[in-house]
1. For a Förster distance of 41 Å, can you work out the FRET efficiency between the beta-carbons of residue B:191 and residue C:98, rounded to the nearest 0.05?
2. Please work out whether chain C counts as rounded, prolate or oblate from its C-alpha gyration tensor, where a ≥ b ≥ c are the square roots of the eigenvalues and a/c under 1.5 means rounded, while otherwise a/b larger than b/c means prolate and anything else oblate?
3. Pairs of Cα atoms under 8 Å, at least six residues apart: use those to get the relative contact order of chain C, whole percent.
4. How large is log10 of I(q)/I(0) for region A:2-236 at q = 0.09 Å⁻¹ when the intensity is taken from the Debye formula with one equal scatterer per alpha-carbon?
5. Among A:320-332, B:300-312, what's the highest-first ranking by average C-beta atoms within 10 angstrom per residue?
6. Counting only the backbone N, which residues of region A:360-390 are under 18 Å from the spot 7 Å out from the Cα of residue C:194 toward its beta-carbon?
7. How would C:18, C:104, C:116 line up from fewest to most surrounding beta-carbon atoms within 10 angstrom?
8. Relative to the longest principal axis of the C-alpha atoms of chain A, give the angle of the C-alpha long axis of helix A:526-538, reported between 0 and 90° and rounded to the nearest 10°.
């Protein structure tokens, strides 16, 4: 169905080819998962399939890509719409009309499909994707999962035989990701579509894949194989695979269910050791607190009656579905929104009534999209500006950046950094004023496992040096790894607040894979288990 | 006119501009216009120097670019420092005469006691800074002007004859007006000019000429403030261009109808009434039951639609 | 008769019909400064809005336009009656102490006499402008601009898509700017000024650029621009035809509406322009083989609504020609006359309240829309 023959892609301003000598075949009806670190060329590979590379992006393509018998050399993306449907990283950016129905019909209008057929296909697609209730709604008002499904629907109506998706669940909360993945499975099973998708969050998708394509990105050749084969070698692996590796299972488990079947031996091995508690030392000084906090937007409270404290040395994870008030709570801490009831104090200040320069010396927030606070032309300028904003000695931010992320080039444009590097840069910009309390909103969006691991080390280091850290996140694995306390919010209220293990182990939504496998024992991370196994072996 | 101007102007900008000091509306005055009759009635067709000292500073647009500039500039919104000048097309005067093109409009003159003659007023009748003084005489002449013809009021501005019997109270002033509605040759189709009359206005100290006139006669102006009609004459139109006309015969001096004058009984009863009663009285007198009926009906319709709309919006909520 | 011809069959009316109706009412209002006639038109427009608006977010636009109208009237009265020395009458409301102004401000004054004549004249003129604007506002409340763009002729398809994208892009930029501005506070940055502008502009523009590239890629991969091959010459001919036509229509409209322009600029120019534009659209439409998904039908109710708008305009034009004293009252203090024809015209203008089909009631979904919109606005403000 998809044939890459000796494909190399070189962009104009890069010295080495982004993809080199890729030859592979993806058969019809398979769900193929493309994995690789950020910047390894996953997106480029996906864009080759429908001809966006090189027709749209520029660059030179050597070799040949043939999809459904058509070469992308002679066919433009618009001539391949009946073969390949392509959904980009940000589905909302690709919308061209205002209502769901029109958006779905758009591709067919360009193909001059008869109105009666169009009508029928739109109805079928709405049903297939579970969007019938939302058919008249403006696309801008949809949730992230719905938007992703509309984007899929809008390419499905031209009846392509291949569907290409670039990180469809990266920006979604777990529930929305479930919706999208369930849809995708249905497409593969019921319609026999060939699906190619790239994804960082392997723990979500690996069990659905028939084929897996590893794009290492360091110049070594790509590997195509069954997920179990590829996972044996892959530097990127979900916790369930890492657990399998630690326990020496073969073949490797890909899903929690696989692993649970084989967990008996591991359970026995771990019987002698107690799971580490992951809880911080509560005796530290309180850095910020709220009392009966209420924040409303236009009369509708987004945060209701929240009383919360964050102390030095602890890492608090705030969890909950989209719209549960996590971001609003964080904004109240830094004074971006003013409380309509109750109070917020941070470092003795009332953030809503203090100047930003005062607030930053007490509490700093790294927003969901780190690019929002970056604007200078180079990393060095950005750091210098941060020093002057925070009124600290020149070089403070740059030194911090060197400590936290040694490899970041200072003369580089912030826009050219990887997601992970940009996040750390934003973190350093905020940390220049040395706020004792640091808040991060969705820090792991778009980060690969490597970048996440580095972030975890940075956060742990901050906590050790007496900072308080709070994260708003959907990423249960990150929470299991780093948090000392978990606060669960729903509908603007705090519904649970306690040590990480107490909260997540019993929760179906927030339990990490390791906890799901070893439940009811309170193990959270592979690191804990390897440490326990190692200490047992030593004794 | 209204919509097209709206179409080109940004909303508030336009609101400001047209409310402003006659900046747009006095644009008819341009250095290309031959301005005549600056001080003396006899100086026919002498083109004004390009930077005439009395030229307005507000001539912002060349007259040639603007259709409306073909209309007479006389009595243009008198507000600005605009000189009230004679109408002048963009084309040479002689060609206008040959083509039979002209204008009919109300000209505004001031009586000069020293030369005992009428002088075309260089100041607008509504100029807020050039207020008339007690004892001034002003003349209005409705006339057909072809080329650069001068058509003065046909009677002298004799203050004593017009205002002699009036007394000004505290904070008041007496202004004499000579209102010359012109001859039948000047009249628009289907209208007959009333007899020329003299009338004395006893007005508040800070009234302009136009305001003083309004106390003794109805004054119809257009949106820009141009005086279009006095005592409802002419009934419609404002400085209309006319074609196919020839210059009317030279004017003869006439006698004015004066208040208390016996002759007014015969010819000028209508204007007498107007002079005696205030303008709004005269208009409310003329209101018919039909007008009241349609007005009430319109009020009912507006009310019904508004209440109906309100009820509908409530029900749909 | 097709089902779409029945006025009782609930469906959204074609946006184009609403626009023509609204422009008709606006044209009618442009012919009169009589406050009663203006109020009649305003009431007609408002009644139709209340009777036939949908539950979409834009349906509440009329209220905003009414407020804008009040503002216009207020500004006009202040500027014209209080600040301008022009057209003061003799019925004094109040005699304020006058503040002398320098010579260059000769047309302006501060204080001095304020008369009923000036205030009422300013009120009528402001009301006329407000009425015209509210007519446009009524259309905004009744019809979606995006749906109108969807029904542009095939030759203008690309332009239509570009306009739709621009319409969705603009609000996005605003929300981006709000988000970035608040994010800059997170750096501890207090000030505004030029530096602050740059801090906001750079991330916003970079984000917009990135999104445009994504959008272009998405549109390309969805078949945008698949047109049949036509010679460059033919394409240019079509474009020239359409744009000359549009220019002709514009000049013709100007000629028609500006009473002081000579006759040949009006109707004949409009006719020629329409012909040229229509020709261009037909010729151009042939080259794009594209089908429409659920195109809005143009049926009897559309014709009726357009007729109502045009009829209202025609009647007011006749009123303005036959009784100028009623259309543009010369004396602001007079009781305004109301010609029966104008009354009928306004009622005709209100007829779409029953002639247009009722809007389909999508309350359960619109509830969801409302919630989602609330959520979106929360996201935006948060």
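1. Values: r = 40 Å, r/R0 = 0.97.
For residue B:191 and residue C:98, the calculated efficiency is 0.55.
2. On the way: a/c = 1.68, a/b = 1.22, b/c = 1.38.
Oblate, because a/c is 1.5 or more while a/b does not exceed b/c.
3. Details: 521 pairs, mean separation 119.6, N = 382.
Relative contact order of chain C: 31 percent.
4. The Cα Debye sum returns log10 ratios of -0.36.
5. On the way: A:320-332: 23.6, B:300-312: 16.1.
Sorting A:320-332, B:300-312 by mean packing, highest first, produces A:320-332, B:300-312.
6. A:376-377
7. The fewest-first ordering by Cβ neighbours comes to C:104, C:116, C:18.
8. 70 degrees
No value in this document is a laboratory result; all are computed from the given coordinates. All values reported here derive from a predicted model rather than from experimental measurement. Methodologically, a virtual Cβ is constructed for each residue, glycine included, from the backbone with ideal geometry; neighbour enumeration extends over all protein chains shown.
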